[in-house]
Amino acid sequence: MDATTLRNDLVYMAIFTLAVLTMPFWLDPFGANYPDLLQRFAIYGIFAIGFNILFGFTGYLSFGHAAFLGVGSYAAVWSFKLLSMNAIPAIVFGTVAAGLFSVVIGYVCLRRAGIYFAILTLAFAQMSYNLAYSVLTPITNGETGLQLSLQDPRILDRVFGAPETGGLPFPVFLGYELNGYPGFYFCAVLLIVAFFVSLRISRSPFGMALRAIKSNQTRMGYTGFSTRPYTLASFVISGMYAGLAGALLAVTDPLAGAERMQWTASGEVVLMTILGGAGTLVGPIIGAGVIKYFENIFSAFHEARLHEVFAFLPDGLEDVLVTITRPFVGEGWHLTLGVIFMLIVIFLPGGLMEGVRRVRSAIGRSSSGHDPSGRSEEQAKLHPAE
Amino acid sequence: MDAILLQVLNGLDKGGAYALIALGLTLVFGTLGVVNFAHGALFMLGAFVAVVVNRLLQIETVKLDETKLTPWGTPTEIRTPVVQDWLGDFGAFLVQYSVPLSILAAIPVMLLVGWVMERGLIRFFYRRPHAEQILVTFGLAIVLQEIIKAFFGANPIPLTAPDTMSGSANVGEWFGLGAGLAYPWWRLVYLGFSLALVALVLGFLQFTTYGMVVRAGMQDRQTVGFLGINIERRFTVVFGIAAVVAGVAGVMYTPIVPPNYHMGMDFLVLSFVVVVVGGMGSVTGAVLAGFLLGILQSFASMNEVKQVLPGIDQVIIYLIAVIVLLVRPRGLMGQRGVMES
């Protein structure tokens with residue numbers, strides 16, 4: 001790696017870090033500055049970065065990634081119950097448990113590629129979900145979900161004499177209870193670390209190998225390159241990211257339910273990654289942020305709010321617009337999501353990041369005349385999800 | 001013995017639904033080469049055609065009968081469906097048989113839906129990667145189910161089978177196994193219906209010239225194109241047929257499970273597994289795998305089996321899919337080289 005790339009990456013990292021840490025300030029005007037939502041941005045950002053390592057870099061579309069999220073959550077809550085309310089063991093256990101789980105599943109599923117891989121992962125995730133609901137109830141507490149209770153042993157906390165509170169304890173780190181803004185900053189730091197790791201992976205020979213697998217696995221095989229360890233490593237790393245995200249979900253809100261593993265949750269992370277731009281570094285995080293933002297803001301809209309929004313228009317027009325937009329907000333925000341998603345896949349398969357690139361290259365072309373190189377890059381990036 | 005027969009029957013009617021959805025799914029894949037994640041939504045749309053027909057037929061007039069009083073002292077309301085007012089006994093018959101009659105409405109509606117879907121969206125995705133086909137149809141499925149949710153709400157809407165076909169059939173007596181074995185009539189009707197529909201589609205593909213050309217196109221669309229046949233148009237027709245099959249399967253399923261907006265997705269996931277087990281692009285494979293998995297699932301939910309292998313009923317279908325994909329990647333009846341990579 002030459003020095004300029006390294007310097008660019010450092011600048012990139014610095015900007016990213018700054019942007020993440022100042023999120024409470026610059027998201028304020030958008031009405032997104034409350035800790036619960038900010039935590040979600042960071043957590044699902046991590047989830048999407050991890051998914052992108054598998055789908056965006058390596059080209060394997062997994063429809064069962066939520067299983068790892070769920071495993072991470074359960075492991076983290078068990079760590080709270082058995083060991084300590086400290087967040088560090090919880091995220092370590094969550095990540096490791098999801099990692100081990102993904103070794104097993106990845107070993108089996110990666111025997112196939114393409115749509116078969118998607119269906120195999122879907123099958124495993126559905127199996128985990130169904131089992132978590134039925135037979136594994138002693139571990140998962142079934143439909144109620146796994147929760148903390150006052151009778152939990154919490155061995156380490158007892159041994160080190162952590163202060164007893166009257167009610168249920170909350171996950172802590174360095175003495176801070178991890179709800180509200182401390183919780184967000186905890187997740188944000190991990191998001192930055194996760195992003196840094198993904199950046200390093202993408203710049204490393206390992207990342208190059210993953211990209212090569214995506215573009216032509218057969219040719220990789222012909223050059224005497226065993227792709228299996230690389231795909232498995234990519235799958236496991238991606239599973240560990242999901243486990244970390246799941247553990248963080250448990251850290252910021254210590255309960256875990258099986259619905260986290262349902263295939264709709266797997267579908268959601270696919271949407272996030274595609275929306276932002278699969279294969280790009282920062283795209284998945286943006287996608288996760290946009291979807292979670294829409295979920296929170298749009299689903300809170302209701303008819304009265306719509307009338308307020310369109311109040312500046314003449315009455316008749318206002319009513320018409322409210323009638324048209326009504327099904328898209330509130331309960332129906334999934335409809336908006338579906339429509340946006342379809343439009344993105346149809347017209348902008350590279351996601352929002354491709355949109356940014358197209359706009360930038362259009363501006364570049366108009367200011368500096370015809371630029372053939374920008375065009376060819378655009379062509380090459382047209383099918384990143386291939 | 002009774003128990004076994006009952007489980008086979010149970011499996012067959014569920015298997016019938018799997019088979020009908022999987023049939024369309026694999027047909028679309030085999031002809032257009034498109035992986036259609038919105039196929040379950042077509043099943044759901046069909047079920048809601050039945051709901052709409054039922055609601056239209058149920059539009060009532062309310063008359064107050066002053067001679068009879070309710071326990072609260074108010075006049076009794078006599079509600080008669082408008083069609084019954086107009087058409088007398090024939091109207092009553094229409095109301096009674098609204099579910100099977102909805103098929104007549106579902107066929108044109110689903111043909112139209114299928115045609116719009118294929119010409120309006122799927123056609124542009126023939127040459128795009130499978131991942132993008134999956135994603136765009138997945139988005140379409142979300143949109144369709146959300147639209148249905150906006151109009152009909154999130155709660156399941158119960159529909160009833162005609163009186164003559166509700167209640168239970170004494171299946172045990174037919175087979176000389178004692179009178180204890182009863183089975184709902186409507187499920188038997190559904191089983192017969194799905195078998196007939198499967199036979200119809202397979203017959204169409206196997207024994208008509210049109211079907212022969214379609215099969216030839218599945219083998220080698222280019223050569224068929226060179227022979228001067230507009231194979232694209234025939235494939236669009238096939239898509240329409242697949243949509244109709246899924247739709248009427250949904251119509252007939254409504255008395256068994258009350259339709260709700262996410263029923264399509266629930267069935268889609270399983271139907272995909274069925275298609276993969278049967279072999280991608282193989283029509284007979286999909287049908288056989290549908291019935292097979294339905295039966296296996298109902299056997300796995302027997303108490304005796306559950307005691308030996310707890311939780312097996314929850315995972316059996318997926319487990320079979322995993323085993324089949326690993327041991328025989330192209331599925332039970334799949335052809336060599338179809339999506340085998």
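Assorted remarks:
- Single match in B:Phe151, B:Phe124 (criterion: surrounded by fewer than 19 Cβ atoms within 10 Å (Cβ to Cβ) and more than 19 Å from B:Gly33 (Cβ to Cβ)): B:Phe151
- Inter-residue pairs, beta-carbon under 7 Å, first at negative phi and in the stretch B:38-62, second in a helix (DSSP H, G or I) and acidic (Asp, Glu), 6+ apart: B:Thr61/B:Asp85
- Neighbours by Cβ (under 6 Å, 6+ apart or cross-chain): first from the stretch A:254-273, under 23 Å from A:Asn179 (Cβ atoms); second among the aliphatic types (A, V, I, L, M) and surrounded by fewer than 22 Cβ atoms within 10 Å (Cβ to Cβ): A:Pro254/A:Leu148
- Residue among B:Val189, B:Val171 that is among the β-branched types (Val, Ile, Thr), surrounded by 13 or more Cβ atoms within 10 Å (Cβ to Cβ), at pLDDT 80 or above and out of contact with any His (no Cβ under 6 Å at 6 or more places or on another chain): B:Val189
- Lone qualifier among B:Ser282, B:Ser301 - being surrounded by 22 or more Cβ atoms within 10 Å (Cβ to Cβ), of a type in the set (Gly, Ala, Ser) and either over 13 Å from B:Ile21 (Cα atoms) or more than 13 Å from chain A (Cβ to nearest Cβ) (or both): B:Ser282
- Filter pass, B:Ala106 being over 11 Å from A:Val345 (Cβ atoms), under 22 Å from the mean Cα position of the chain (by Cα) and not in a helix (DSSP H, G or I): no
- Test result for A:Ala233, aliphatic (A, V, I, L, M), without any contact (Cβ under 8 Å) to a residue 60 or more places away in the chain, within 16 Å of A:Val197 (Cα to Cα) and surrounded by fewer than 22 Cβ atoms within 10 Å (Cβ to Cβ): yes
- Listed by position, the helices (runs of 4 or more DSSP H) inside the stretch A:114-190 whose residues that are aromatic (Phe, Trp, Tyr) and either touching an Asp or Glu at 6+ places or on another chain (Cβ under 8 Å) or within 14 Å of chain B (Cβ to nearest Cβ) (or both) number at least 1 are A:114-133.
- Filtered by the rule that a residue be aliphatic (A, V, I, L, M), more than 9 Å from chain A (Cβ to nearest Cβ) and closer than 26 Å to A:Gly332 by Cβ, the stretch B:110-149 gives B:Met110, B:Leu112, B:Val113, B:Val116, B:Met117, B:Ile122, B:Ile148.
- Total residues in the stretch A:1-41, condition crowded, with 24+ Cβ neighbours inside 10 Å and of a type outside the set (A, V, I, L, M, F, W, C): 1
- Whether a residue is in contact with a helix residue (DSSP H, G or I) (Cβ under 9 Å, 6 or more places away or on another chain) and at the interface with chain A (Cβ under 9 Å from one of its Cβ atoms) was assessed, and B:Ile295 does not pass this test.
- Reported count of residues in the stretch A:257-271, each being assigned to a helix (DSSP H, G or I) and more than 11 Å from chain B (Cβ to nearest Cβ), is 6.
- If only residues of the stretch A:338-352 that are crowded, with 17+ Cβ neighbours inside 10 Å and at the interface with another protein chain (Cβ under 7 Å from one of its Cβ atoms) are counted, the one that is farthest from A:Phe55 (Cα to Cα) is A:Gly338.
- Members of the stretch A:200-210 that are in contact (Cβ under 8 Å) with a residue 60 or more places away in the chain, in contact with a helix residue (DSSP H, G or I) (Cβ under 6 Å, 6 or more places away or on another chain) and surrounded by fewer than 21 Cβ atoms within 10 Å (Cβ to Cβ): A:Ile201, A:Gly207
- Boolean, B:Val99 is more than 14 Å from chain A (Cβ to nearest Cβ), crowded, with 19+ Cβ neighbours inside 10 Å and closer than 23 Å to B:Val238 by Cβ: no
- Taken over the stretch A:82-108, the residue count meeting the criterion of being in contact with a strand residue (DSSP E or B) (Cβ under 8 Å, 6 or more places away or on another chain) and either surrounded by 24 or more Cβ atoms within 10 Å (Cβ to Cβ) or part of a helix (DSSP H, G or I) (or both) is 3.
- Search result, residues across the stretch B:276-308 that are more than 14 Å from B:Ile4 (Cα to Cα) and among the polar types (S, T, N, Q): B:Ser282, B:Thr284, B:Gln307
- The requirement of being away from chain B (no Cβ under 14 Å), among the aromatic types (Phe, Trp, Tyr), under 19 Å from the mean Cα position of the chain (by Cα) and buried (at least 24 other Cβ atoms within 10 Å of the Cβ) is satisfied by A:Tyr44.
- The one condition in (1) hydroxyl-bearing (Ser, Thr, Tyr); (2) under 28 Å from B:Ala38 (Cβ atoms); (3) touching a helix residue (DSSP H, G or I) at 6+ places or on another chain (Cβ under 7 Å) that B:Tyr183 fails to fulfil: (2)
- For the residues A:Leu244, A:Leu249, A:Leu281, the requirement of being surrounded by fewer than 24 Cβ atoms within 10 Å (Cβ to Cβ) and more than 14 Å from chain B (Cβ to nearest Cβ) singles out A:Leu281.
- Residues (assigned to a helix (DSSP H, G or I) and either facing chain A (nearest Cβ under 7 Å) or in contact with a helix residue (DSSP H, G or I) (Cβ under 7 Å, 6 or more places away or on another chain) (or both)) located in the stretch B:150-165: B:Ala150, B:Phe152, B:Asp163, B:Met165
The values are calculated or read from the model by the stated rules, or taken from the named source; none is laboratory data. Note that the coordinates shown come from a computational prediction; the quantities given were computed from them, not determined experimentally. Neighbour counts are summed over all protein chains in view; Cβ atoms, including those assigned to glycine, are modelled from backbone coordinates with ideal geometry.
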